[in-house]
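Asker: Got a structure here, written out as structure tokens. Questions coming.
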Amino acid sequence: MLYPLIRPALFAIDAERAHGLTLAMLSRWPGRPLLQSNPVLRTTVAGLDFANPLGLAAGVDKDGRAIDGFFSLGFGSVEIGTLTPLPQPGNPRPRVFRLREDRAVINRMGFNNGGIDAALPHAAAARRQGKLGINVGANKDATDRIADYRIGVEKAAQVADYVTINISSPNTPGLRDLQHGSALAELLAAADEARRIPIQRPPLFLKVAPDLNAREIDGIARAAIENRIDALIVSNTTLSRPALQSARAVETGGLSGAPLARLARQRLADFRRATDGALPLISVGGIGSAEESYARIRAGASLVQLYTALVYEGPGLARRITDGLAKLLERDGFASVAEAVGP
């Protein structure tokens, strides 16, 4: 309830600096036990038991410095990263822009992170009040990007509850080329082999872009099934530009937030059709309410994730969504999230 009073001060400073201050605060947050979720929200995806279906998307806490703080807000899962084998600074600043009139953000961060070796101790030390995902990517200047993903998956698999392969960021030149053809098949086969090296074998998720045509969607779905991917995260930020009001709409980078909702819904439906229910789907993009979360579940999502809505709605959003989602499920007579997943 205090966030509307704090938000003007945060919005008065650079978006990336404000984000850094928020992370610093949450890293010192006195992590308290996650309140017992309504049983109707419990669900199992890829063999993992989630207290609720709402997750924090990758990109918020790249280096895993505030994992316990984010869990304490009420998320059933927290995904850190994207982490690369070597540290990298990312693209030049400024690189994050609020589009206030549109309740959106454009970013061109470029996988800025301290490297996977620096982040894994944070992940290992976290108290894990929910499921912890680690999102991995390739360094911008890597000569062999598939080798980078193999390194990332092998290391993350030793700590994470699940590992996400991110080949859908628009801010690393050429990265999205890995979503197609033989390159995708080779990558997924290498990642599946890499996660088998540790004793544990965590589920492997694949995060895809929203800027795909029907042929590309069918190819990704087929490759994911053939290479034993456990779930698809649909989807990342978009390079497209729906009608926007903000003057910041001219900035280059990936668009996220409310204007992405329509495209994210369409891609969820497209991948539901392409996979024919063979893979769980995790919906991301433009989610900022219990109603929108419920609509994605009814449209075929087993889990949902959010990021940009936190910028505008504040830290109480997760609990508002989970409380509202439980009421919507009970209103419609569902005993669990899994029962509500459609169509």
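Asker: Which is surrounded by fewer than 24 Cβ atoms within 10 Å (Cβ to Cβ) and either under 27 Å from GLY316 (Cα atoms) or in contact (Cβ under 8 Å) with a residue 24 or more places away in the chain (or both), of PRO89, PRO94?
Answerer: PRO94
Asker: State yes or no: is HIS122 under 29 Å from GLN266 (Cα atoms) and in contact with a helix residue (DSSP H, G or I) (Cβ under 9 Å, 6 or more places away or on another chain)?
Answerer: Answer is no for this residue.
Asker: Answer yes or no: is there a residue in region 245-268 that is more than 19 Å from the chain's Cα centre (by Cα) and basic (Lys, Arg).
Answerer: So far as region 245-268 goes, yes, one or more of its residues are more than 19 Å from the chain's Cα centre (by Cα) and basic (Lys, Arg).
Asker: Using beta carbons and a limit of 8 Å, which pairs, at least six apart or on different chains, have the first residue in region 223-244 and farther than 21 Å from GLU193 by Cβ and the second one part of a helix (DSSP H, G or I) and aromatic (Phe, Trp, Tyr)?
Answerer: Qualifying pairs under 8 Å: VAL234/PHE271.
Asker: Another one. Please verify whether GLU154 is farther than 17 Å from ILE67 by Cα and in contact (Cβ under 8 Å) with a residue 60 or more places away in the chain, treating the condition exactly as stated.
Answerer: no
Asker: Being within 13 Å of TYR307 (Cα to Cα) and hydroxyl-bearing (Ser, Thr, Tyr) is the filter here; which residues of region 250-265 pass it?
Answerer: Within region 250-265, just SER256 meets the criteria.
Asker: Please find, among ASP49, ASP102, ASP63, the residue that is in contact with a Leu (Cβ under 7 Å, 6 or more places away or on another chain) and either surrounded by fewer than 19 Cβ atoms within 10 Å (Cβ to Cβ) or of a type in the set (Asp, Glu) (or both).
Answerer: ASP102
Asker: Give the residue, chosen from ALA183, ALA157, that is modelled with pLDDT of 95 or more, of a type in the set (A, V, I, L, M) and on the phi < 0 side of the Ramachandran plot.
Answerer: Just one listed residue meets the conditions, ALA157.
Results for (1) under 27 Å from LEU204 (Cβ atoms); (2) of a type in the set (S, T, N, Q); (3) modelled with pLDDT of 95 or more, shown as yes or no for each residue.
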residue: LEU2; (1), (2), (3): no, no, no
residue: ALA18; (1), (2), (3): no, no, yes
residue: GLY31; (1), (2), (3): no, no, no
residue: LEU54; (1), (2), (3): yes, no, yes
residue: ALA58; (1), (2), (3): yes, no, yes
residue: ASP61; (1), (2), (3): yes, no, yes
residue: THR82; (1), (2), (3): yes, yes, yes
residue: PRO87; (1), (2), (3): yes, no, yes
residue: VAL96; (1), (2), (3): no, no, yes
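Asker: Hey, another quick one. Among what's in region 205-250 and is of a type in the set (S, T, N, Q) and touching a Phe, Trp or Tyr at 6+ places or on another chain (Cβ under 9 Å), pick the residue that is nearest to ASN171 (Cα to Cα).
Answerer: SER235
Asker: Would you be able to say whether some residue in region 34-49 is at pLDDT 95 or above, within 25 Å of ALA125 (Cβ to Cβ) and out of contact with any strand residue (DSSP E or B) (no Cβ under 7 Å at 6 or more places or on another chain)?
Answerer: For region 34-49, residues at pLDDT 95 or above, within 25 Å of ALA125 (Cβ to Cβ) and out of contact with any strand residue (DSSP E or B) (no Cβ under 7 Å at 6 or more places or on another chain): present.
The values are calculated or read from the model by the stated rules, or taken from the named source; none is laboratory data. All values derive from a computational prediction rather than experimental measurement. Every residue, glycine as well, gets a Cβ built from its backbone with ideal geometry; the counts of neighbours run over all protein chains shown.
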